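One structure is given below, encoded as C-alpha cells.
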Amino acid sequence: MSLKVIFLGTAGSVPTPKRGLPAILMKRKGEQLLFDCGEGVQRQMIMAGASFHKEMKVFITHMHGDHVLGLPGLMQTMALHGREKPLEVYGPPEIKRFVECIRETVQFGLTFPIEIHEICEAGVVCETPEYSVQAFWANHVAPSLAYALVEKPRPGRFYPEKAKALGVPEGPLWGQLQRGKPVKLPDGRTVKPEDVLGPPRRGRKIVYTGDTRPFEGLAEFAADADLLIHDATLGDELAERAYEDGHSTPSQAAETAKKAGVKRLVLTHISARYEDTAPFLKQARKIFKNTIVAEDLLSVEVPLLDK
Ligand SMILES: [Zn+2]
Ligand SMILES: [Zn+2]
C-alpha cells in the first residue's frame, strides 16, 4: 500500500519564486494528511493532483502565520468545489479560536463541517485502526508541535506451503489466516495464524519536526523513522541566528537523523536568502548521508519493508 509524501511548500517564513509556504501532504490509502497549511496551499494541491473531496486531516504545528494562513483559502476552495466530507483540523491551543474567528467574519458558504481538535498535551492525538498520529512539543519561539505518523504493525508474511501442509484448503480460510484470525477446519482442528504466518511486520513511521531548534528528546521521538522531515532554515554558518529564531541548521538536523537511526532525512523550511541549497546538502551529508533538500512538489514514496 502506497504512502507518498508530497512537499507542497518548502520555504520558511516568506515565499520565494520557487518555494511556497510550509505544507506537506501525505497520501495514504485514499486519505490525505496535510501537515501545516501555508498560504496558497490549495493551488499547490491542484498541481500535485490532490483532491478537495477526499477524507482529509490537517495537522498544524504552530500558530505562526507561515504555517496556518493557508487554512482560510483551503476552506474557501473546498467550499466552492462543494466538499461534503468533514475536514478535521488538529493544532496547538488557539487553532480553535482562529478557525472560529475566520468562520464568523469571512463569507465562506461552507458546504462541509469542520472538526477542530485542540492539542494541549503531547501524546497520541489521532488514532485509527491502521495508524496513529503522535504529537511532541518541539523547541521553537512559540508553542510548536512535532508530529509522527506511525502505522500499526501488519500481520506477518503468509506461507501458503505451511497452510497446505496443515490441510487448510485454499480459499476464504487462507484470507482469514492472512488477516490474523484463527480458522476451524472441517475435521475439527484449529489452525492459528502464527502456524502459517511469519513474525508481525512493522508499519512505517514519518516524523515532521515543524519549526524547531535541536532539542533533547527529538531523536527518541524520531527513533527508527523511515523518513524524518526536519527544519533546516539557515545554513551552518548562521547557527547562532538559527538558535535565536528557534530553528535548526543542516548539520543539526543530520545529527538528530543519525542519533535517531532514521532511514532518510529531508530538509525543509528553507530561508528565502538561499537560492542554492547545494551547501545544505554538503553540510548535512557529512554527518548523515541519506539526506535530500526538499523542493516544492517533490514527491517521496515511503515503501513498506518486509521486516
Ligand atoms: Zn515557519
Ligand atoms: Zn515558526
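Can you send over the solvent-accessible area of residue 192, 1.4 Å probe, protein chains only, in Å² to the nearest 10? Only protein atoms counted, so the area is about 110 Å².
Using only side-chain charges placed at the Cβ, +1 for Lys and Arg and -1 for Asp and Glu, the dipole size of the chain relative to its Cα centre rounds to 1400 debye. Here segment 186-260 is described by how far its Cα atoms reach on the three principal axes: 73, 17, 17 Å, from widest to narrowest. For segment 198-307, the fraction of 1.4 Å probe accessible surface lying on carbon and sulfur atoms is 51 percent.
Helices in the chain, meaning DSSP H runs of at least 4 residues, each add -39500 (n - 2.57). Divided by all residues, the mean residue ellipticity at 222 nm is -6500 deg cm²/dmol.
For segment 122-215, the solvent-accessible area of protein heavy atoms averages 49 Å² per residue (probe radius 1.4 Å; ligands and nucleic acids excluded). Put simply, the amide H of residue 144, placed in the peptide plane, has neighbours under 5 Å in 138, leaving out anything fewer than 5 places away on its chain.
Looking at segment 247-307, the accessible area is 52 square angstrom per residue; that uses a 1.4 Å probe and ignores ligands, DNA and RNA. The value given for segment 138-250 is a Kirkwood hydrodynamic radius of 17.5 Å, derived from the mean inverse Cα-Cα separation. Rg/Rh for segment 244-288 (Cα atoms only, Rh after Kirkwood) is 0.97.
Between 58, 41, 196, the GNM of the chain built on Cα springs shorter than 10 angstrom shows 196 fluctuating the most.
Straight-line reach from residue 192: which aspartates and glutamates fall under 17 Å, measuring Cα to Cα and dropping same-chain residues less than 8 apart? Once the sequence-local aspartates and glutamates are set aside, what remains near residue 192 is 161, 170. Extent of the chain along its three principal axes (Cα atoms, max minus min coordinate, largest first): 71, 52, 34 Å.
Rounded to two decimals, the Cα radius of gyration of segment 1-154 over 2.2 N^0.38 Å is 0.99. Surface composition of segment 42-168: carbon and sulfur make up 54 percent of the accessible area, probe 1.4 Å. When all alpha carbon pairs of segment 206-298 are counted in 10 Å bins from zero, the resulting P(r) reads 20, 57, 23, 1 %. Solvent exposure of segment 1-95, expressed per residue, is 35 Å² of accessible area, with all protein chains present and a 1.4 angstrom probe. One decimal place: the segment residue 106-residue 237 gains 42.8 nm when fully extended, by the rule 0.36 nm per residue minus the C-alpha distance.
In terms of overall dimensions, the C-alpha atoms belonging to segment 64-114 reach 28, 19, 18 Å along their principal axes, ordered largest to smallest.
Extension gain, residue 80-residue 258: 0.36 nm per intervening residue step, less the Cα-Cα distance, totals 59.6 nm. All C-alpha pair distances within segment 41-129, sorted into 5 Å bins from zero, spread as 3, 13, 25, 26, 20, 11, 3, 0 percent across the bins.
For residue 282, a cut-off of 27 angstrom between C-alpha atoms picks up these lysines, skipping any fewer than 8 places away in its own chain: 4, 18, 205, 258, 259, 263. Between residue 127 and residue 301, what FRET efficiency comes out of the Förster formula 1/(1 + (r/R0)^6) with R0 = 22 Å and r the beta carbon distance, rounded to 0.05? According to the calculation, E is roughly 0.35.
The values are calculated or read from the model by the stated rules, or taken from the named source; none is laboratory data. Only a predicted model underlies this, so the values are computations on that prediction, with no experimental measurement involved. Because the Cβ atoms are built from the backbone with ideal geometry, glycine has one as well, and the counts that use them run over all protein chains shown. We work out accessible area using only protein heavy atoms, side chains counted, and drop any ligands, DNA or RNA first. Shrake-Rupley method; radii C 1.70, N 1.55, O 1.52, S 1.80 Å.
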